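The values are calculated or read from the model by the stated rules, or taken from the named source; none is laboratory data. Since we're looking at a predicted model, the values are computed, not measured. Note that we place each Cβ from the backbone using ideal geometry, even for glycine, and neighbour counts take in every protein chain shown. Side chains included, ligands, DNA and RNA excluded: accessible areas come from the protein's heavy atoms. Shrake-Rupley method; radii C 1.70, N 1.55, O 1.52, S 1.80 Å.
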Amino acid sequence: MGFNRRKMEDQRRQAAEKEAASRRATDAQVIEDAEHLIGAWNERQAKQMPMLLSPTIGAVVTAGYWFLWVRCPACRSTSSIDLRRLDRHPEAAVSSLIPALSCRSCRPNAPFAELVRLSRTSIADEMREEHRWRVLGDD
Ligand SMILES: [Zn+2]
């Protein structure tokens, strides 16, 4: 009896470990695939090529690209949106945000935003980096 129970617990533990290992492998694969897709998407956006497909918000956040940089075609101002803070379905495409984005300075007649790129850093982070670099350069 005691032996059987231990055997069952062993089997259960082994099954759980196996499942956890395969989940980790899947996660790594998801991140790798997402990075490929995000890289290709950023490149296409930079070249202003027509959008063929768009990464999902969930994939982008999982891969650590938390910021979507958007530009207003009217006033040319660029800002970044923290995708982690949105209440959107994780399987919704990043491009599905376009109709919901509106430039503060051009309201109420703001044109649709242009999606610039997906980034690991926000505009504010980038500006701080630039500032830090400039300060160092002055030394
Ligand atoms: Zn604007």
Sparsely packed trypsin sites (Lys or Arg not before Pro) within region 49-139, loop by DSSP, other Cβ within 10 Å at most 13
76, 104, 120
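Can you work out the accessible area per residue across region 38-105, with the rest of the protein chains kept in place, probe 1.4 Å, in square angstrom? Mind showing how you got there, number by number?
Working: 3960 Å² over 68 residues.
In whole numbers, region 38-105 has 58 Å² accessible per residue.
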First compute the accessible area of the chain with a 1.4 Å probe, then give the percent of it belonging to carbon and sulfur atoms.
54 percent
Answer rounded, prolate or oblate for region 30-138, using the Cα gyration tensor with square roots of eigenvalues a ≥ b ≥ c: rounded when a/c is under 1.5, else prolate when a/b is larger than b/c, else oblate.
oblate
